[in-house]
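Contents: one structure, followed by commentary.
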Amino acid sequence: MKILVTGGAGFIGSNFVQYILERYPKYEIINLDALTYAGNLENLTSIQDNSHYTFIKGDITNPELVNSLFDKGIDTIVHFAAESHVDRSILEPDIFVKTNVLGTQVLLEAARKHTVKKFIHVSTDEVYGSLGETGLFTEETPIAPNSPYSASKAGSDLLVRSYHETFGLNINITRCSNNYGPYQFPEKLIPLMIANALSDKALPVYGDGLNIRDWLYVEDHCSAIDLVLHNGVSGEVYNIGGNNERTNIQIIQTILRELGKPESLMHFVKDRPGHDRRYGIDATKITNELGWKPKHYFETGIQATIRWYLDNQAWWKRIQTGEYQKYFYEQYGSR
Ligand code: NAD
């Protein structure tokens, strides 16, 4: 396989590129990434000299660039590239529409023109909106996004679906819950809380802290995409979840306990507008049809993640740049 991975310098993409090259040393990967604030080539130092790996810095919204890559014989696309942070989508929605919607359409069009064999679109459970106290999202749950981020992802999902229905493109859409693990940018809940706790800074908690998310260890997400890549049925959507629902407060308490830090570091801040109350995934389809099973329990996954952030402090301290500090201040009102 010769795979074009988009967004391979981000959190999940960089884990996925390493995962695939380890398991399938004969595959080739071309990583197209614009290296926005969220992209970091340091995530990929372990494979940078691998002759089966090529990095191209570029924007998925650029059709000339994207089309030019197909001279290299790409047969498969795994599409991660996106603006991915809900809070940023509230501050600056336009870039989310550009990258997530237009960028996906540019890739789909190139895939169609160059008769790519498989297009995997990595999406999110957030497209389904918010759940009440009971029930889970299935692949049949109607799309009802509530943030500019999830709306832009839902828009891209619908375009991907349309390229299957209209042009017969072999597509899969995966919708996963919140990922955690190594290389996650410290603006997202778990790495943000670990980094702040390690620096004895306040841990900002939105609203009452009782919003619930399902947590999926990033390696388990990669193994699910691996199965979809090889065995996914054309046109199908697959939900991927860790079966680990936790309130934000529970996550923060676990991190503080593991690091031996006091709960007094928690600092309640004004809730995020449109904050979805609960997400929960029913992953029965991918389990029954493709034989996927997550390997990591939350208790061990969170310990491995904390250990990684402890061992790689230089990595996250380097990316906490002046620009990031400014964003953090605007968002939470403290540094
Ligand atoms: P991330 O923000 O860490 O990485 C995104 C990557 O895309 C970065 O390397 C960035 O440089 C690149 N990128 C952004 N705009 C680009 C453009 N215009 N052209 C080329 N590259 C561009 O994101 P992530 O957390 O790794 O998420 C990857 C995918 O998984 C996204 O599509 C996201 O919607 C989806 N997802 C993530 C989660 C999660 O918990 N992180 C959960 C569900 C779904």
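Readers should treat all values here as calculations from the given coordinates under stated rules, not as data from a laboratory. Bear in mind that the values here come from a model prediction, so they are computed numbers and not experimental data. Reconstructed Cβ throughout: ideal geometry from the backbone, glycine too, with neighbour counts over all protein chains shown.
Details
- Spin-label zone in the range 98-112 - amide nitrogen under 20 Å from a point set 7 Å from the Cα of E64 along the C-beta vector: 99, 102-111
- Packing here is the average count of other Cβ atoms within 10 Å per residue, and on that basis the peptides 125-131, 86-92, highest first, run 125-131, 86-92.
- Peptides 289-296, 276-283, 74-81 ranked from most to least packed by the mean count of surrounding Cβ atoms within 10 Å: 74-81, 276-283, 289-296.
- Between the Cα long axis of helix 298-311 and the first principal axis of the chain there is an angle of about 80°, rounded to the nearest 10.
- Anisotropy class of the range 237-299 from Cα gyration tensor, a/c 1.5 cut: oblate
- A simple charge model with +1 on the Cβ of Lys and Arg, -1 on the Cβ of Asp and Glu and nothing else charged puts the dipole of the range 1-143 at about 640 debye relative to its Cα centre.
- Evaluating 6.51 cos²θ - 1.76 cosθ + 1.60 at θ = phi - 60° for every residue in the range 190-207, the Karplus couplings come out as 5, x, 4, 5, 5, 5, 5, 5, 5, 9, 6, 9, 4, 9, x, 10, 6, x Hz, glycine and proline recorded as x.
- Interchain or long-range residues, amide H under 5 Å from T124's placed H: C176
- Overall form of the range 1-112 per C-alpha gyration tensor (a/c, 1.5; a/b vs b/c): oblate
- The range 98-243: mean projected area of Cα convex hull, nm²: 10.1
- Since only L136, G235, P294 are under comparison, the one whose Cα sits farthest along the positive direction of the charge dipole of the chain, derived from C-beta charges on Lys, Arg, Asp and Glu, is P294.
- With contacts taken as Cα pairs under 8 Å at a separation of at least 6 residues, the chain carries a relative contact order of 17 percent.
- Using alpha-carbon coordinates, inclination of helix 103-113 to the longest axis of the chain, degrees: 20
- Rounded tilt (10° steps) of 11-23 against the dominant C-alpha axis of the chain: 60
- Spatial separation of Cα centroids for the range 61-139 and the range 267-282, in angstrom: 23
- Here the calculated FRET efficiency for K98 and S264, from their Cβ-Cβ distance with R0 = 35 Å, stands at 0.25, rounded to the nearest 0.05.
- Backbone HN-Hα couplings from phi across the range 165-172 [Karplus 6.51/-1.76/1.60, Hz, Gly and Pro as x]: 5, 8, 10, x, 5, 7, 10, 9
- Farthest towards the positive end of the charge dipole of the chain, among the residues F96, I319, S223, is the Cα of I319, using unit charges on the Cβ of Lys, Arg, Asp and Glu.
- Across all directions, the average flat footprint of the convex hull enclosing the Cα atoms of the chain is 15.6 nm².
- D75-L310 FRET efficiency (beta carbon distance; Förster radius 45 Å; 0.05 resolution): 0.65
- Each principal axis of the range 187-227 carries a Cα extent, and these read 40, 23, 11 Å when sorted largest first.
- Cross-link partners for K201 among the lysines, with Cα-Cα distance under 27 Å and sequence neighbours closer than 8 places in the same chain left out: K188, K261, K270, K317, K326.
- Neighbour counting of Cβ atoms within 10 Å sorts the residues T115, T124, T104, fewest neighbours leading, into T115, T124, T104.
- Charge dipole (debye, nearest 20) of the chain; +1 at Cβ of Lys and Arg, -1 at Cβ of Asp and Glu: 360
- Extension gain, E330 back to I249 (0.36 nm per residue minus Cα-Cα distance, nm): 26.9 nm
- Compared with the direct C-alpha span, the chain from D271 to T115 gains 51.6 nm at full extension, assuming 0.36 nm per residue.
- Annotation: amide H of E245 within the under-5 Å range of W215, sequence separation 5 or more or interchain, hydrogens built in the peptide plane.
- Anisotropy class of the range 206-311 from Cα gyration tensor, a/c 1.5 cut: oblate
- Extension reserve of the L158-L35 stretch, reckoned as 0.36 nm per residue once the Cα distance is removed: 41.7 nm
- Among 63-73, 201-211, the peptide with the highest mean count of other Cβ atoms within 10 Å heads the list, and the full ranking is 201-211, 63-73.
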